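A short worksheet on the structure shown next.
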Amino acid sequence: MIIGCCAKPEMAKTVKQAGFDTIELPVTAVAEMSEDAFQSLRETLKQLDLPSPSFNVLFPGQLQLMTASDREISDYLNHALARVHALSGKTVVFGSGRSRYRPDGMSYPVAFRRLVHVTGIIGDAAKPYGITIVIEPLNRMETNTINSLAEGAALVSSVNHPNVALLADYYHVTLDHEPISDIVRLSGVSHVHIATTLGRLVPTVPDEGYSALFRALKATDYKGILAVEGKNDDLLRDGPASIRMLKSLWANC
């Protein structure tokens, strides 16, 4: 099991020292860097020997996907994904709950069709770089469209794009009381995030819920990254404890 850590660029050294295999950076942070800062980040990751195969936070909140023009979306993606590619990124998480929020007065069917269109644009932008876009279902407190694995799978199916797949985030799944077994029912996922349900913290203590997640992933022959996406006040303390616990649990499930 490859265990990554979702973190901002300035945390790269700490992520490496904590023992994580990879770092998952926010696309938005990378996209807004000056060219000098971006090149410095590339050099830092190289010196640390810290791979960055996955990225999250695809869109900034101010880019409202339900109303933005196709050109505005494409222009942002062309710049952002070029930088992801330059950092050897292969997977990009499409969560961005604020960006995909359905505005008042827009029906769910209309919003869903709009997301199908937008996700097709994202897939097309990712394809030349060999990047897979993974749809992240988010809990109902963070957005009002695509709130379950089933809805995410329906979006993936409707888009029907070779560069678009599904993500499972343990925190969102359990917060909204979804069955972990949906991972198996929906034929698997391509990327996974994990944090505690209570407080969205870095997981350090074994939990039957994590075991159920791992059993579902193993049942679908999951070979991807398990990216820890939790809050903490001491990653050098909590990171190694999390890695040890997750690897032990995975080996024994």
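Values quoted throughout were computed directly from the atomic coordinates according to the rules given, and no laboratory measurement underlies them. Just so it is clear, the model here is predicted, and its values are computed rather than measured. In this analysis, Cβ positions are derived from the backbone assuming ideal geometry, glycine residues included, and neighbour counts consider all displayed protein chains.
Enumerate the amide H contacts of E24 below 5 Å, restricted to partners 5 or more residues apart or on another chain; note that Pro and chain-start residues carry no placed amide H.
Sorted by chain and number, the residues that satisfy this are C5, C6, A7.
In terms of modelled amide H atoms, which long-range or inter-chain residues lie less than 5 Å from the amide H of D169?
The list, which skips near neighbours in sequence, is H193.
Please list, ordered by chain and number, the residues whose modelled amide H lies under 5 Å from the amide H of T132; skip anything fewer than 5 residues away on the same chain.
It is T91, V92, by chain and number.
Work out how much length R113 to R237 would gain on full extension: take 0.36 nm times their residue separation and subtract the Cα-Cα distance, in nm to one decimal.
Working: separation 124, 0.36 × 124 = 44.64 nm, distance 4.48 nm.
Once the chain is fully extended between R113 and R237, it gains 40.2 nm.
Place a point 7 Å from Cα of R42 in the direction of its Cβ. Which residues in region 71-98 have their backbone N less than 17 Å from it?
Only 78-90 pass the distance filter.
Pop out the ³J(HN,Hα) list for region 127-136 in order, Karplus 6.51 cos²θ - 1.76 cosθ + 1.60 with θ = phi - 60°, rounded to Hz; leave Gly and Pro as x.
For region 127-136, the Karplus curve yields 4, x, 9, x, 9, 9, 8, 10, 6, 10 Hz.
How large is ³J(HN,Hα) for each residue in region 60-67, as worked out from phi by the Karplus curve 6.51 cos²θ - 1.76 cosθ + 1.60 (θ = phi - 60°), to whole Hz, x for Gly and Pro?
Calculated HN-Hα couplings, in order: x, x, 6, 8, 8, 5, 6, 10 Hz.
Could you pull out every one of the aspartates and glutamates with an alpha carbon less than 18 Å from that of K218, ignoring same-chain neighbours closer than 8 positions?
D169, D182, D207, E208
Helix-derived [θ] at 222 nm for the chain: sum -39500 (n - 2.57) over DSSP H runs of at least 4, divide by residue count, nearest 500?
It comes out at -13500 deg cm²/dmol, rounded to the nearest 500.
Going through the cross-link list K90/K223; K13/K46; K46/K247, which pairs have a Cα-Cα distance over 21 Å in this structure?
Correct reply: K46/K247.
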